[in-house]
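Accompanying notes for the structure given below.
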Amino acid sequence: MSGATLRHIRHVVATNPVTLAAVLLFAAILLAALLGARLAPLDPLQTDVARALRPPSAVNWFGTDHLGRDVFSRTLVATRLDLLIAVSAVSLSFVAGCAVGALTGYFGGLADRVVGRLVDVLMAFPLFVLAMAMVAALGNTVANIIYATAIINLPFYIRFARAEVNLRRAAGYVLSARLAGASDGRILARVLVPNIMPVMVVQMSLNMGWAILNAAGLSFIGMGVKPPTPEWGIMVAQGASHVTSGHWWVALFPGLALVVTVFAFNLLGDGLRDIVDPRRRT
Amino acid sequence: MGRVSLRFVLGRVLAALPVLAGVVVLTFVLMRLLPADPAAFYATGPAMGPAEVEALRRQLGLDRTVAEQLLIYLRDLGTGNLGRSMVTGQPVTEDLALRLPASVELTIAGFLLALLVALPLGILAATRPDSAIDHLTRVIATTGVSMPTFVTGLVLIFVFYFLLGWAPDPTSRYDLFLPQSPRLTGFLTLDTLVDGNWEQFGAVAARLVLPAATMALFAIAPLARMTRASMLAALQGDFVRTARALGLSPAKVLLTYALRNALIPVVTMMGMVLSYMLGANVLVEKVFAWPGIGSYALDALVASDYAPVQGFVLVVAAIFVVLNLVVDLVYAAVDPRVGLG
Amino acid sequence: MTAAAPLLRVRDLTLEFVTRGGTVRALDAVGLAVAEGETVGVVGESGSGKSVMALAVMGLLDRAGRITAGGVEYRGRRIEALPERELRRLRGPEIAMVFQNPRTALNPIRPVGRQLVDVIRAHRALGRRAAEAEAVAMLRAVRITDPEARMGAYPFELSGGMCQRVMIALALACAPRLVIADEPTTGLDVTTQAVIMDLVAGLAAERAMAALFITHDLALAAEHCHRIVVMHAGQVVETATPGRLFAAPAHPYTRQLARSTPGEATTVATLETVPGNLPDLTDPCLPACRYAARCPLVAPRCLTERPPRTEPWPGHAVFCWNPA
């Protein structure tokens, strides 16, 4: 990273305090994911029916759920699982999407057309419904939530990487590498892929929030994560029936954690985009 | 503008066909991968022995090869036969037809609500960049995409039903104590209106507000963002400067010149948002116990009853393909530069 | 209105744009006048502030633009002091503008006939039918063949030259007293350029309109204008009739410009470009004469003192410490 880039980043962070706030929020969430289990004041799985559905208090900051478990501890501990699902899914689709998109965008031809058609078909499904069907088909496990989320994100990465590579394949630096005798593989790996990385990473961070929502949505409808494992989507689902009777804290605190996390990722993505490509700001 | 050529329409329809075929095959493959043997699932009753399970498997066609099953499946599709739900005991086609209007009514209401908020917000933000309304739009947009629909729905229920008591019971579509109107379209707002059943219409509309608002909250963000961006670009366009230099009224410049041009990319976004809402339906219907195809599919999914799930995925994907076709045609109708080929 | 008072007078117009990259001092004490029926050319390289001045005359500067001194008077009224509603009445029937890049200057998704009707009905109480008849007449006036059929055409269905004719028809639809043409032939092929210039000049003469031609092409301006104003980096450097300007250019910049004009150079070998680049207008320490850095005759006071106005000939003015 050059000095100019660092200066530019400092400039963006200085002129846009929201990005700074997003970075801090992100750090806090990361901390919760890493140390959540140690920081939790109470055992997230310990039930105590006598203390069921207590409102927030000094002992139970976020109140207790219908089995008397501490909502705060559960919400905190759940951070790791929710983040793990989203990060794994997005990483998978990022790597696979970059590879397929870069190859088809660079070589074109029949493979490009076939992949293009497949991507069209995949995108012809409402994505959440597709993920739902996939988890149902593959089996109701956390791993399959990750695969399903990765697959429904894949078309975007393929299209994006393909377009970016296609745009650059006739660029001066690619031609000069070719004139210098570089092979296609070398040009792709050493010139094109590093070149599209910044835009792809921005895409990834913007995509992360969406992946979290998607995974939480799946567990909300009862797929993947099984009780009593603390996970935000399933916690909201379990608390949902208590909202109409006024026990709002059971569902709304994990819901809030979800909103804050996605919000942080979205702001971070916007900030990163400003750093990488200021013109795309809308 | 009526200049869209027949050739363009035909071309678009033909281009949609392979995608539709892909959807059908993919749905089939997905559903056949289901690990749970539905025959075994239903054969858990005490009266069911291995022979009965085998009979059920034969009845379901599960003893044939995958290729044969696909052929049978395609033939059934051609005749509108999507199989039978084991939970309701009804043909899936009938079940879906019964429940589809509820989902469509909800989606359309949410979409219209979103447009009603997003378009003015985006236009105002674009005409006053960096003003308070511009910042408000940005905050609403970022918050909107960060809110899972199922959390939004619960917050709305908590605030408007439990705290304020403004909203009616969030788990019904109509007032059970009022006379029902005969089913014509399945859209309860329309049916009660046609019937002149004003009280029930009011009850139906009131029950539509919260779920529709939940759907809308998510859709406002991309629509407002897109409207703002493309309106901003249009306002900086040369032709808007020309219109102003020729002394056209501000309303004419803003609406006829800038907005009409700005709406072209927004139309594409509308298609994407509508199709997203079709998927989000599942979550909203679960939160509000809305009797649409989403909650139907969810119930079936939990019961490993795969014919309804398959039918649901197929119907939604088909609507989606048709929707994209409509967007293409609307796009061509709005933009004279497209659609003459 | 007395004969002596000009139709348009730009007086010491000083204007800046506040941008992220700094304050751009786009115009520095620019002055010029256009009499009724007169055709004036404004010549300069791109970035010399010609278009900005035209937009200031129309009252069309965007939010970032700010007039810090001087102003624009049209028939004795201060343009920058007029409320938007008054300005709107002026635009079209009094002052109209022909923009460069006719393809993008026209609304891409509205038939050209509708665009003409929009302008006509914005300023005249005409019914739709009458306005349409008027629009057809305007298309015929700019020599568009089969105008009735062209009314329904979209800009993308017309050639660049045809679009520019439509643009001219739009500008002249309300019979303005002054038409400003900003690089009206940029982007058109050479033969079309000549036809369009002849068309505008002919229509201006026919309708006794004053015209302000903005161009980077000195030869083109010389051919069609009564008087030429030479601008450089937001300053007026010289004003004269085309004849005087070519016979006895007094400012070093005009001399370079004349030498770089193909029409006047005898061979390609004598064709020169103006050496150096325009100064950076965001620089807070611009020299008093903004040509100083490029000028072969630069003297110390060119950097610190504003060059005086001298008249080597009646009606020929030059702003320079070392005029020829």
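Points to keep in mind about this one:
- Mean projected area (nm²) of the alpha-carbon convex hull when chain C is viewed from all directions: 17.6 nm²
- Average partner coverage of B:265-276, which counts Cβ from other chains inside 10 Å: 1
- Cβ-Cβ FRET estimate between residue B:75 and residue C:156, R0 fixed at 45 Å, reported to 0.05: 0.40
- Average beta-carbon neighbours from other chains, 10 Å sphere, peptide B:308-318: 3
- On Cα atoms only, tilt of C:112-123 relative to the major axis of chain C in degrees: 80 degrees
- Lys/Arg +1, Asp/Glu -1 at C-beta; segment B:182-275 dipole; positive extreme among B:273, B:208, B:263: B:263
- Nearest-20 debye value, the protein assembly as shown charge dipole, Cβ charges on Lys, Arg, Asp, Glu: 1580 debye
- Gyration tensor (alpha-carbon) shape descriptor, segment C:149-208, a/c threshold 1.5: oblate
- Sorted ascending by nearby beta carbons within 10 Å, beginning with the fewest, C:319, A:125 become C:319, A:125.
- Annotation for residue B:172 and residue A:141: the two label points, set 7 Å from Cα along the Cα-Cβ direction, are 4.5 nm apart.
- FRET efficiency for residue C:62 and residue A:45, using Cβ-Cβ distance with R0 set to 56 Å, rounded to 0.05: 0.35
- Note on residue B:185 and residue B:32: with the Förster distance fixed at 51 Å, the Cβ-Cβ geometry gives a FRET efficiency of about 0.90.
- Chain B: most fluctuating residue of B:228, B:207, B:58 per GNM, C-alpha cutoff 10 Å: B:58
- The Rg/Rh ratio of chain A, with Rg taken over Cα atoms and Rh as the Kirkwood radius over Cα pairs, comes to 1.06.
- Taken residue by residue and averaged, Cβ atoms of other chains lying within 10 Å of the Cβ of B:155-165 number 3.
- Percentage relative contact order, chain B, counting C-alpha pairs under 8 Å, at least six apart: 29 percent
- Rg(Cα) / (2.2 N^0.38 Å) computed for segment C:1-94, rounded to two decimals: 1.10
- Of interest is the spacing of the C-alpha centroids, which for segment C:126-163 and segment A:79-143 amounts to 52 Å.
- Point-to-point label distance, residue A:183-residue B:65, nm (Cα→Cβ direction, 7 Å offset): 4.2 nm
- Estimated distance in nm for a label pair at residue C:133 and residue B:337, the labels positioned 7 Å out from Cα along Cα-to-Cβ: 3.6 nm
- Each part gets one Cα centre, and for segment B:251-277 versus segment B:67-93 those centres are 40 Å apart.
- Segment C:40-144, relative contact order [Cα under 8 Å, separation at least 6], %: 15 percent
- Dividing the helix sum by the residues of chain A, where each DSSP H run of 4 or more adds -39500 (n - 2.57), gives a mean residue ellipticity at 222 nm of -25000 deg cm²/dmol.
- Segment residue A:244-residue A:197, length gained on full extension (0.36 nm per residue, minus Cα span): 12.2 nm
- Residue B:183 sits among other residues whose Cβ lies under 14 Å from its own Cβ, and their net charge, with Lys and Arg +1 and Asp and Glu -1, is -2.
- For the protein assembly as shown, the calculated P(r), taken from all Cα-Cα distances in 10 Å bins from zero up to the bin holding the longest distance, is 2, 9, 16, 18, 17, 14, 10, 7, 4, 1, 0, 0 percent.
- From helices alone, chain C scores -9000 deg cm²/dmol at 222 nm; the rule is -39500 (n - 2.57) for each run of n ≥ 4 DSSP H residues, then divide by the residue total.
- Lys/Arg +1, Asp/Glu -1 at C-beta; the protein assembly as shown dipole; positive extreme among A:108, A:212, C:34: C:34
- P(r), alpha carbons of segment B:240-321 - 10 Å bins starting at zero, rounded %: 16, 30, 17, 14, 14, 8, 2
- Value of D in µm² per second that Stokes-Einstein yields for segment A:135-244, Kirkwood Rh from Cα pairs, at 10 °C (1.306 mPa s): 94 µm²/s
- Rounded to the nearest 500, the helix-only mean residue ellipticity at 222 nm of chain B stands at -23500 deg cm²/dmol, with each DSSP H run of n ≥ 4 adding -39,500 (n - 2.57).
- Rg to Rh quotient for segment B:138-207, alpha carbon positions, Kirkwood Rh: 1.11
- Centre-to-centre, using Cα atoms only, segment C:286-315 and segment C:1-68 are separated by 20 Å.
- By the compact-protein rule of thumb, 2.2 N^0.38 Å, the alpha-carbon radius of gyration of segment B:99-334 corresponds to a ratio of 1.15.
- Percentage relative contact order, chain A, counting C-alpha pairs under 8 Å, at least six apart: 23 percent
- Between the listed residues C:295, C:310, C:57, the Cα displaced farthest toward the positive end of the dipole of chain C, a dipole computed from Cβ unit charges relative to the Cα centre, is found at C:57.
- The stretch between residue C:206 and residue C:36 holds 59.9 nm of extra length on full extension. This uses 0.36 nm per residue minus the Cα-Cα distance.
- Net charge dipole size for segment C:93-235 [Lys, Arg +1 and Asp, Glu -1 on Cβ; Debye, nearest 20]: 520 debye
- Sum of side-chain charges, residue A:221 neighbourhood, beta-carbon under 11 Å (Lys, Arg +1; Asp, Glu -1): -1
- Ordering of B:325-331, C:175-181 by burial proxy (mean other Cβ atoms within 10 Å per residue, highest first): C:175-181, B:325-331
- Size of charge dipole - segment C:8-319 - debye, nearest 20, with Cβ of Lys, Arg +1 and Asp, Glu -1, no other charges: 820 debye
The numbers here are math on the coordinates, done by the rules we state, and not lab data. Model, not experiment: these values are computed from the prediction. Heads up, the Cβs are rebuilt from the backbone with ideal geometry, glycines too, and the neighbour counts pull from every protein chain shown.
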